[in-house]
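A.B. asks: The structure under discussion is supplied below as structure tokens; questions concerning it will follow.
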Amino acid sequence: QVQLVESGGGLVQPAGSLRLSCAASGTIFNMHAMGWYRQSPGNERELVAHIGNDGSTNYADSVKGRFTISRANAKNTVYLQMNSLKPEDTAVYYCTATLGRTQYWGQGTQVTVSS
């Protein structure tokens, strides 16, 4: 059974930084593409960043230049470094692991950007 556990969320002031982590277990981590999604109240869940098992990355336009996704295969962990945070980045952030047509989700971690 694949399990994903996110951590690192919290309250941060505008222009601040946070790093989210997602630890995976129950699978061969380096085979999966990994991603971060977010959802805020009243909005649909959206893809924030994605990293393939080859290390290739892509980002939502709204976070390009501010967020960086990375992975540490030896630690079965994917990260999302978030800089220059804005109030509109406030959301629950979810980690995903994808292998073929199967996608697994974590439970989410709240990020609140507010002064």
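The values are calculated or read from the model by the stated rules, or taken from the named source; none is laboratory data. Fair warning: this is a prediction, and the values are worked out from it, not measured in the lab. Areas reflect the complete protein model, heavy atoms only, side chains present, ligands, DNA and RNA absent. Shrake-Rupley method; radii C 1.70, N 1.55, O 1.52, S 1.80 Å.
A.B. asks: Can you work out the Karplus-derived ³J(HN,Hα) for every residue in the range 102-115? Use 6.51 cos²θ - 1.76 cosθ + 1.60 with θ = phi - 60°, whole Hz, and x for glycine or proline.
C.D. replies: Per-residue couplings from phi come out as 9, 10, 10, 10, x, 8, x, 9, 7, 10, 10, 10, 7, 8 Hz.
A.B. asks: What shape does the range 54-106 have by the C-alpha gyration tensor, where a ≥ b ≥ c are the square roots of the eigenvalues, rounded means a/c under 1.5, and otherwise prolate means a/b greater than b/c and oblate the rest? The partial results should precede the final answer.
C.D. replies: On the way: a/c = 1.88, a/b = 1.56, b/c = 1.20.
Prolate is the answer for the range 54-106, as a/c is 1.5 or above and a/b outweighs b/c.
A.B. asks: Would you rank T98, T77 by solvent-accessible area, highest first, keeping every protein chain in place and using a 1.4 Å probe? Don't jump to the answer; show the numbers that get you there.
C.D. replies: Values: T98 40, T77 15 Å².
Per-residue accessible area, sorted high to low, gives T98, T77.
A.B. asks: Turning to a different aspect of this structure: So what does the Cα-only Debye profile of the chain read at q = 0.23 Å⁻¹, as log10 I(q)/I(0), no solvent term?
C.D. replies: Taking Cα atoms of the chain as identical point scatterers yields -1.33.
A.B. asks: Show me, for the range 76-92, the HN-Hα J-couplings you get by feeding each phi into the Karplus relation (A = 6.51, B = -1.76, C = 1.60, θ = phi - 60°), rounded to Hz, glycine and proline as x.
C.D. replies: 6, 9, 10, 10, 9, 8, 10, 10, 6, 5, 10, x, 6, 7, 4, 4, 8
A.B. asks: Between L18, L85, L99, which gets the highest mean-square fluctuation from a Gaussian network model of the chain, Cα cutoff 10 Å?
C.D. replies: Sorting by GNM fluctuation, first place goes to L99.
A.B. asks: As a test of reading the structure, rank R101, R19, R38, R71 by solvent-accessible area (1.4 Å probe, protein chains only), most first.
C.D. replies: Numbers: R101 245, R19 125, R38 15, R71 45 Å².
Ranked from most to least accessible, the order is R101, R19, R71, R38.
A.B. asks: Taking θ as phi - 60°, what are the ³J(HN,Hα) couplings along the range 14-30 by the Karplus curve (6.51, -1.76, 1.60), each to the nearest whole Hz, with x for Gly and Pro?
C.D. replies: Along the range 14-30, the couplings run x, 6, x, 10, 9, 10, 8, 10, 9, 9, 10, 9, x, 7, 8, 4, 6 Hz.
A.B. asks: Provide the per residue accessible area, probe 1.4 Å, for the chain, rounded to a whole number of square angstrom.
C.D. replies: Numbers: 6060 Å² over 115 residues.
Computed with neighbouring chains in place, this is 53 Å² per residue.
A.B. asks: Would you mind checking which residues have amide H under 5 Å from V2's amide H? H placed 1.01 Å from N; only 5 or more apart, or other chain.
C.D. replies: Hits under the 5 Å cutoff: none.
A.B. asks: Report in % the part of the accessible area of the range 4-115 that belongs to carbon and sulfur, leaving out ligands and nucleic acids; probe 1.4 Å.
C.D. replies: On the way: 2740 of 5750 Å².
Here it works out to 48 percent.
A.B. asks: I would also like to ask the following. Please figure out what share of the DSSP beta bridges in the chain is antiparallel and state it in percent, rounded to the nearest 5. Don't skip to the end; give the middle numbers.
C.D. replies: Numbers: 39 of 42 bridges.
Counting DSSP beta bridges with both partners in the chain, the antiparallel share is about 95 percent.
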